[in-house]
1. From the list Lys57, Lys62, Lys27, pick out the single residue that is surrounded by fewer than 19 Cβ atoms within 10 Å (Cβ to Cβ) and within 10 Å of the chain's Cα centre (by Cα).
2. State yes or no: is Arg84 part of a helix (DSSP H, G or I) and within 16 Å of the chain's Cα centre (by Cα)?
3. Can you tell me how many residues in region 30-70 are within 22 Å of Val88 (Cα to Cα) and in a helix (DSSP H, G or I)?
4. Does at least one position in region 28-50 carry a residue that is among the basic types (Lys, Arg), modelled with pLDDT under 90 and over 20 Å from Phe132 (Cα atoms)?
5. Testing Ser96 on (1) out of contact with any Gly (no Cβ under 6 Å at 6 or more places or on another chain); (2) surrounded by 17 or more Cβ atoms within 10 Å (Cβ to Cβ); (3) among the hydroxyl-bearing types (Ser, Thr, Tyr), one condition comes back false. Which one is that?
6. Here are the criteria: (1) crowded, with 17+ Cβ neighbours inside 10 Å; (2) farther than 17 Å from Met1 by Cβ; (3) of a type outside the set (A, V, I, L, M, F, W, C); (4) modelled with pLDDT of 95 or more. Tell me which single one Lys15 does not satisfy.
7. Tell me, please, whether a residue that is more than 28 Å from Lys15 (Cβ to Cβ), among the acidic types (Asp, Glu), assigned to a loop (DSSP other than H, G, I, E, B) and touching a strand residue (DSSP E or B) at 6+ places or on another chain (Cβ under 7 Å) can be found in region 101-116.
Amino acid sequence: MISDKFFNTISEDQKYDIIFIDGLHEKEQVLRDVFNSLNHLSDGGTIVMHDCSPETKRLSLKDRCYNVWEAIVVLRQENNLNVRVIDVDHGLGIVSIGSQEEFELSINFDNTYEYLDSNRKKILNLISEKEFKNE
C-alpha cells in the first residue's frame, strides 16, 4: 500500500524506532512521509531516507533519485530536527528529533543538479560513513 494510506491505517499510539523512506523519489511525497513518520517515531528513534545525494546528473532525473535532496534542504531548516546525509549509497538521510546548526538558504539557491553538486556538503550536511560511525 502507499505510505499515505499506511499512515492513515495505524493507531496514533503506534511508535517505531527506525522508519525507512524510499518511496516515490519526489520532494513533496518525501516530506509528507517524514512528517507522518515523526508522528510515529519513538523517543530516540531515527528516520532513514534513501537517495538524498545523487552522484551524477543522470541520477537526479525523475526515474532515479530525482529531487529527494530538496526535501533535505527543507528539513534542514526545521529547528526541532537533526538532519544530515551520510555519503553512501546515493546518500542516506538521517533525521531525528533534536537540534542542528542553523541553516538558511542562500539567496542564490537553485534547485538544479549543478547547484547541488557545487554546494553538496553544506546544503545536505553531508558526512562520511566514518564520521557517522564516530558520532
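1. Selected residue: Lys27, the only one of Lys57, Lys62, Lys27 that is surrounded by fewer than 19 Cβ atoms within 10 Å (Cβ to Cβ) and within 10 Å of the chain's Cα centre (by Cα).
2. Here the answer is no, as Arg84 does not meet what is asked.
3. Of the residues in that region, 10 qualify.
4. Checking region 28-50: not a single residue is among the basic types (Lys, Arg), modelled with pLDDT under 90 and over 20 Å from Phe132 (Cα atoms).
5. Unmet condition: (2).
6. (1)
7. no
The values are calculated or read from the model by the stated rules, or taken from the named source; none is laboratory data. Everything numeric in this text was worked out from a predicted model, so none of it was measured. Neighbour counts run over all protein chains shown; Cβ positions are idealised from the backbone, glycine included.
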